[in-house]
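Below: one structure, written as structure tokens.
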Amino acid sequence: MFSQAQFEATIKEIETGTQRLQAQLAEVKPAAQKATNHWWVDPLSAEAINYVADKTVEFGIAMFDWFIDVLKGATAPIWMFVDAYNWMEIKGAANAVSTDLATQNLVIDDSDWSGKARDAYLAAAGAQASAAARVGSVAGATSITLAACAGAGLLFYIAVAAVLAKLIVAMTAAIAAFGSAVFSWVGAAIVLEEAGFTTAVLAGAAATLATFLTAQAGAMIALHGDAVDPTSFPNGAWPLANSSQYNDATVKDGDADWSLKRD
């Protein structure tokens, strides 16, 4: 179930987190340089520590760029939810038309009107009702699909926010470790572990979302099939509102196709 309030809070959390991550990345190299700027740190160790710090920043920048790219599509689930609501409005309107045009709801008194014209009228109205019902069906299915996609988007961004929060915690610990030459290798280990975890989780979340959206694309193709189904839309068009078979309105030329009922 999609919640716009929860989604907006999640996006806000990601935006705040990316700002925090960007600030942390600016602290890594200075921390490593400060820790290795001592007489008792040999040049080889200093070079290795600074190298690891550089790679940590590279990884962090790559992740930061990925989070920014993800945020570019943050409005999609919201619009999917809005469109799902609007499609339900269309469904209601179409079904109302279909109900109004149903044979049992067409108030026709057989004692006043009967014959070919009446039968043609009912047949034409029935076709209109069927077409309107099909519009309602397609609109309802479209709404359900959009709502499902919005929900999947929410779950994806929640996963992104959770990974980002964990990455920030790990980066905080890594910076503290880099600040001490003695524990710099601990900081490197933290970053390496987090890199593997973050990459795996985000790849899994993206793959799950892609699989779900692929299935939804299949559903949309099925909806297209319903929309062009000639059962309700003959020749791919809305059914005619009249009958060309009964277009002769004359009643005195001897070949009238219809006429008023006479007592």
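Summed over the range 1-45, the residues that are in a loop (DSSP other than H, G, I, E, B) and either more than 28 Å from the chain's Cα centre (by Cα) or of a type outside the set (S, T, Y) (or both) give a count of 8. In summary, A48 fulfils each of the numbered conditions (1) in contact (Cβ under 8 Å) with a residue 24 or more places away in the chain; (2) part of a helix (DSSP H, G or I) with the single exception of condition (1). Scanning the range 1-44 for residues that are within 26 Å of L164 (Cβ to Cβ), among the basic types (K, R) and surrounded by 13 or more Cβ atoms within 10 Å (Cβ to Cβ) yields R20, K29. Checking each residue in the range 45-101 for being basic (K, R) and surrounded by 17 or more Cβ atoms within 10 Å (Cβ to Cβ) picks out only K91.
Quick one: which residue in A222, A206 is modelled with pLDDT of 75 or more, assigned to a helix (DSSP H, G or I) and within 30 Å of M63 (Cα to Cα)? Result: A206 is the single residue among A222, A206 that is modelled with pLDDT of 75 or more, assigned to a helix (DSSP H, G or I) and within 30 Å of M63 (Cα to Cα). From the set of residues in the range 129-146 that are surrounded by fewer than 19 Cβ atoms within 10 Å (Cβ to Cβ) and not β-branched (V, I, T), which is nearest to the chain's Cα centre (by Cα)? Result: A141.
The values are calculated or read from the model by the stated rules, or taken from the named source; none is laboratory data. Keep in mind that this is a model prediction, so the values were computed, not measured. Backbone-built Cβ (ideal geometry, glycine too); neighbour counts: all protein chains shown.
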